[in-house]
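The values are calculated or read from the model by the stated rules, or taken from the named source; none is laboratory data. All figures in this text were calculated on a predicted structure; none of them were measured in a lab. Cβ sites come from the backbone with ideal geometry, for glycine too, and all protein chains shown count toward neighbours.
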Amino acid sequence: MTQAPSFDPSTSILRHLVAAKTPPAQYLGHHIALHGGSGIGGALQAANIPQDYRHLTPQDAPMLGTQADAARAAKRLSERFREHFKDGYRLRSAYLHSTSPGTGKTTLACALLNEFIALNYLAKLKGFPHHRNPAYFLDVNAWQGSYNLAVALGKDSAEMQAFVAELRMAQTAQLIVLDDIGVREATPGFRTHLHTLVNARVAAGKPTIYTSNIEMKELAMVFGEQRLADRVKEQCVEIAFTGESKRGLR
């Protein structure tokens, strides 16, 4: 008889959402559905969340001890996520910014995305309303690099198909992270695609978690026009991160 594999409960994004005394073996299958059998797969892989961030939750993300405003915002957003799955509360977007890199913006953004995925999974298990494509992470700088390569290789290339597939995933997911939105040197072609993505989500009322090294008032530079920047601001709460880079301390 094959023994079920074991796992460290502290790595599961369900750890704050199951009863404290629940034996790990009882939710091993759910952990695998979310994280994959090897820890590299499942719903988190489908959501494109970077591997280093797949264990994070907004209850214990490492930057919360030094970012009081962000910690309070994370608590509020987590509560809103629960209201969303309980009674359909319409979520607002969030804009996480700091002038210094490495202050924890991406850490918190991924922790929130993980929480949303976990709550969506539990809603599905219980037969409650849930989302078929709950979440997606998109690194805007990497996406621009993919676009530049795809343009160089041609519209029929596999690289262009992959670029468009990411665009569609980000358009249709209920909640996404647009990481490092402050792309100052975007080409006109890439800016058009970024504009299309953000505009589609705003028009559909789908929330987005933005991270950036620029303040929200500077977004017009990113989109190339003021109107879309103003629409983003209307539906978005701004969360400032302070201090110097903490990279390498995680």
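Could you tell me which residue of region 23-78 is farthest from GLU238 (Cα to Cα), considering only residues that are out of contact with any His (no Cβ under 9 Å at 6 or more places or on another chain) and charged (D, E, K, R)?
ASP52
Determine, yes or no, whether ALA142 is within 20 Å of GLY102 (Cα to Cα), without any contact (Cβ under 8 Å) to a residue 24 or more places away in the chain and under 20 Å from the mean Cα position of the chain (by Cα). It would help to see each step written out before you state the result.
Numbers: within 20 Å of GLY102 (Cα to Cα): yes; without any contact (Cβ under 8 Å) to a residue 24 or more places away in the chain: yes; under 20 Å from the mean Cα position of the chain (by Cα): yes.
Judged against the criteria, ALA142 is a match.
Among the residues of region 176-201 satisfying the criterion of being part of a strand (DSSP E or B) and hydrophobic (A, V, I, L, M, F, W, C), which is surrounded by the most Cβ atoms within 10 Å (Cβ to Cβ)?
Going through the qualifying residues, I end up with VAL177.
Of these, ALA43, ALA33, which one is more than 19 Å from VAL177 (Cα to Cα), of a type outside the set (Lys, Arg) and either touching a helix residue (DSSP H, G or I) at 6+ places or on another chain (Cβ under 6 Å) or surrounded by fewer than 16 Cβ atoms within 10 Å (Cβ to Cβ) (or both)? Outline the logic, then answer.
Details: ALA43 fails: more than 19 Å from VAL177 (Cα to Cα).
None of the others qualify; the one that does is ALA33.
If we keep just the residues of region 225-250 that are modelled with pLDDT of 80 or more and among the small types (Gly, Ala, Ser), which is nearest to ASP52 (Cα to Cα)?
ALA240
Can we say LEU219 is modelled with pLDDT under 90, among the hydrophobic types (A, V, I, L, M, F, W, C), assigned to a helix (DSSP H, G or I) and crowded, with 18+ Cβ neighbours inside 10 Å?
Details: modelled with pLDDT under 90: yes; among the hydrophobic types (A, V, I, L, M, F, W, C): yes; assigned to a helix (DSSP H, G or I): yes; crowded, with 18+ Cβ neighbours inside 10 Å: yes.
So LEU219 passes the test.
Residue by residue, here is whether (1) among the polar types (S, T, N, Q); (2) touching a helix residue (DSSP H, G or I) at 6+ places or on another chain (Cβ under 8 Å) holds:
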residue: ALA118; (1), (2): no, yes
residue: LYS126; (1), (2): no, no
residue: ALA135; (1), (2): no, yes
residue: SER157; (1), (2): yes, yes
residue: GLU166; (1), (2): no, yes
residue: MET169; (1), (2): no, no
residue: LEU197; (1), (2): no, yes
residue: VAL202; (1), (2): no, yes
residue: LEU228; (1), (2): no, yes
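Restricting to region 95-126, and then to whatever is of a type in the set (Gly, Ala, Ser) and modelled with pLDDT under 95, can you tell me which residue is surrounded by the most Cβ atoms within 10 Å (Cβ to Cβ)? Lay out the reasoning, then the answer.
Of the residues in region 95-126, the ones of a type in the set (Gly, Ala, Ser) are 98, 100, 102, 104, 109, 111, 118, 123.
Imposing the further condition that a residue be modelled with pLDDT under 95 reduces the set to 98, 100, 102, 104.
Working: SER98: 23, SER100: 13, GLY102: 18, GLY104: 25.
Across region 95-126, the extreme among qualifying residues is GLY104.
What pairs can you find where one residue is in region 162-176 and in contact (Cβ under 8 Å) with a residue 60 or more places away in the chain, the other is part of a loop (DSSP other than H, G, I, E, B) and crowded, with 19+ Cβ neighbours inside 10 Å, and their Cβ atoms are less than 6 Å apart, with a gap of 6+ or different chains?
Note: pairs meeting the criteria are LEU175/PRO207.
When you go through ALA173, ALA204 one by one, which is the residue that is surrounded by fewer than 17 Cβ atoms within 10 Å (Cβ to Cβ) and not hydroxyl-bearing (Ser, Thr, Tyr)?
ALA204
Can you name the residue in region 198-210 that is in contact with a strand residue (DSSP E or B) (Cβ under 9 Å, 6 or more places away or on another chain) and in contact (Cβ under 8 Å) with a residue 40 or more places away in the chain and is also nearest to GLY145 (Cα to Cα) among such residues?
Taking the candidates together, the pick is TYR210.
Out of ALA43, ALA71, report the one residue that is farther than 19 Å from LEU175 by Cα, of a type outside the set (Lys, Arg) and in contact with a Leu (Cβ under 7 Å, 6 or more places away or on another chain).
Step by step, each of ALA43, ALA71 is checked, and only ALA71 is farther than 19 Å from LEU175 by Cα, of a type outside the set (Lys, Arg) and in contact with a Leu (Cβ under 7 Å, 6 or more places away or on another chain).
Between a first residue in region 10-36 that is within 17 Å of LEU119 (Cβ to Cβ) and modelled with pLDDT of 80 or more and a second residue that is among the hydroxyl-bearing types (Ser, Thr, Tyr) and surrounded by fewer than 18 Cβ atoms within 10 Å (Cβ to Cβ), which pairs have beta carbons less than 9 Å apart while being 6 or more apart in sequence or on different chains?
Hits for this filter: HIS31/THR11; HIS35/THR11.
Return the only residue of THR57, THR99 being polar (S, T, N, Q) and more than 17 Å from the chain's Cα centre (by Cα).
So the residue among THR57, THR99 that is polar (S, T, N, Q) and more than 17 Å from the chain's Cα centre (by Cα) is THR99.
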